[in-house]
Amino acid sequence: MVDRRRYRLRLKRNSLIFKVTLVAILLFLIWMIFRYAAYFEKDIEGQVQVSIQNEANIELVHDVFVDDNGIVYLSEDDMKNYFDNEMYYEELENAQRKYISIANNQVLEITENQYHIFINDNRYKIRGTLQKKENNYYFPISELERVYNIDVEYLKDKNRINIEKLNEEKIVATVNRETDLKYKMTNLSKNVQKLEQGDKVSIIEKMNSSWVKIKTADYAVGYIRSFRLVNEQTERERVISEDYTDFDVKDASLITIDSKTYKNFNEIISNSDSRKVEIKKILKKALAEVAKLKGKNVGVKVDIANVDNNENYYKFLKELKAYLNDMRICLIVVNEPSMDGQVLKNVSNIIM
């Protein structure tokens, strides 16, 4: 009788151990599923993958779209995030918008529904146009390559868009043997695609001693073991714009623009068209001075007081700076108590 009771007790204990073990195994499997689920994330059918320089498969504020002519469009918000966070616009008499954007000493004017743009007052035809769609404004970024010094490519068959910033550094390497491009930094992750020996790839980031994030020639992005890459080299150096910090004001010829120069300065800076007319006059004087004084530094000194609208004044200086710097002429601005010194620093070369 005692032996039977002991046997039943052992059965109960074994049953409890079995149940606890089973629950532990199930919990472990659930944990493993959650842990590695991200490594096998499914592609969303029809979603365009966008890479901008070393930011791969980025999430844009608004969806990118491509028209029937292969023109790539980015929203105003995404343009500001990646190319010019200070772009601004004016409402025209026909209620359409004209945007002003400045990059690389290039002043872009692009107007809604017009198939041309102005870059530093030079007119260029474009195949796409600034347009309003679902209450957002979209820019034909692939038609604006010369402004932002970028290269835009859309691979329709791969559903990928790559935007390369040509002012930024580019490091490349070669795959030394056939291997898999991984979605995440683990061999358990899904394969993005097969890489062949000799494939040339761009290095986005060295994650650690074992893994490197790369971009392929057809703009697939993923991870590869670092020992699979050889012949690493810099294909393109980073371009740094001249900032004129070493400009010698005392030994330069300065063209002074002050309050005595104008009777209606506040009216002149009130809109982009009148600002551009005045900027071209100033540029003409500066270039004449450059031609006359060969080899001597030339600058434009702006000393304006009693400005009615500071924002218009900052726009005037920013646009003037782009035109002057494009011709390697320095812009010097005299600070006034009513001005924001930090803003003036951004829209001029030197503050006095």
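The values are calculated or read from the model by the stated rules, or taken from the named source; none is laboratory data. Keep in mind it's a predicted model, so treat the numbers as computed, not measured. Reconstructed Cβ throughout: ideal geometry from the backbone, glycine too, with neighbour counts over all protein chains shown.
Things to note:
- Any hit, the stretch 183-190, residues being farther than 17 Å from Lys98 by Cβ, among the basic types (Lys, Arg), over 21 Å from the mean Cα position of the chain (by Cα) and not assigned by TED's automatic domain parsing to the domain that holds Leu229: no
- In summary, Glu232 fulfils each of the numbered conditions (1) surrounded by fewer than 18 Cβ atoms within 10 Å (Cβ to Cβ); (2) within 27 Å of the chain's Cα centre (by Cα); (3) not aliphatic (A, V, I, L, M); (4) not assigned by TED's automatic domain parsing to the domain that holds Val192 with the single exception of condition (4).
- Given (1) in contact with an Asp or Glu (Cβ under 9 Å, 6 or more places away or on another chain); (2) in a strand (DSSP E or B); (3) not aromatic (Phe, Trp, Tyr), index of the condition Leu60 fails: (2)
- Among the residues making up the stretch 230-274, those that are without any contact (Cβ under 8 Å) to a residue 60 or more places away in the chain, within 30 Å of Lys98 (Cβ to Cβ) and of a type in the set (S, T, N, Q) are Ser259, Thr261, Asn264, Asn266, Ser270, Ser274.
- In the stretch 125-148, of all residues being touching a helix residue (DSSP H, G or I) at 6+ places or on another chain (Cβ under 8 Å) and in a strand (DSSP E or B), the one that is surrounded by the fewest Cβ atoms within 10 Å (Cβ to Cβ) corresponds to Asn136.
- Number of the condition not met by Thr216 [criteria: (1) out of contact with any Phe, Trp or Tyr (no Cβ under 9 Å at 6 or more places or on another chain); (2) under 30 Å from Asn325 (Cα atoms); (3) buried (at least 17 other Cβ atoms within 10 Å of the Cβ)]: (2)
- Only one of the numbered conditions (1) within 28 Å of Glu232 (Cα to Cα); (2) surrounded by 14 or more Cβ atoms within 10 Å (Cβ to Cβ) is not met by Asp151, and that is (2).
- The set of residues in the stretch 75-101 that are in a strand (DSSP E or B) and touching a Ser or Thr at 6+ places or on another chain (Cβ under 9 Å) comprises Tyr88, Glu90, Arg97, Lys98, Tyr99, Ile100.
- Looking only at the stretch 139-158, and only at residues there that are without any contact (Cβ under 8 Å) to a residue 40 or more places away in the chain and of a type in the set (D, E, K, R), the one that is nearest to Ile100 (Cα to Cα): Glu145
- Residue check, Ile224 under 28 Å from Tyr154 (Cα atoms), exposed (fewer than 11 other Cβ atoms within 10 Å of the Cβ) and among the β-branched types (Val, Ile, Thr): no
- The set of residues in the stretch 274-292 being β-branched (Val, Ile, Thr) and either exposed (fewer than 13 other Cβ atoms within 10 Å of the Cβ) or within 16 Å of Asp303 (Cα to Cα) (or both) consists of Val277, Ile279, Ile282.
- Residue match in the stretch 332-342 (condition: in contact with a helix residue (DSSP H, G or I) (Cβ under 8 Å, 6 or more places away or on another chain), of a type outside the set (Asp, Glu), crowded, with 22+ Cβ neighbours inside 10 Å and closer than 14 Å to Asp258 by Cβ): yes
- Test for Lys318: is it in a helix (DSSP H, G or I), among the basic types (Lys, Arg), within 20 Å of Lys281 (Cβ to Cβ) and under 23 Å from the mean Cα position of the chain (by Cα): yes
- Failed condition for Lys170, given (1) in contact with a strand residue (DSSP E or B) (Cβ under 8 Å, 6 or more places away or on another chain); (2) over 19 Å from Thr234 (Cα atoms): (2)
- Checking each residue in the stretch 96-115 for being in contact with a strand residue (DSSP E or B) (Cβ under 6 Å, 6 or more places away or on another chain) and more than 20 Å from Ile279 (Cβ to Cβ) picks out Arg97, Glu112.
- The condition (being under 31 Å from the mean Cα position of the chain (by Cα) and either in a helix (DSSP H, G or I) or not charged (D, E, K, R) (or both)) is satisfied by just one residue among Val249, Val212: Val212.
- Leading residue by the ranking (surrounded by the most Cβ atoms within 10 Å (Cβ to Cβ)) among those in the stretch 181-208 that are part of a strand (DSSP E or B) and free of Cβ contacts under 8 Å to residues at least 24 places away in the same chain: Lys206
- Restricting the stretch 252-273 to residues that are within 30 Å of the chain's Cα centre (by Cα) and not in a loop (DSSP other than H, G, I, E, B), the residue that is surrounded by the fewest Cβ atoms within 10 Å (Cβ to Cβ): Asp273
- The stretch 321-346, subset assigned to a helix (DSSP H, G or I) and small (Gly, Ala, Ser), residue nearest to Lys276 (Cα to Cα): Ala322
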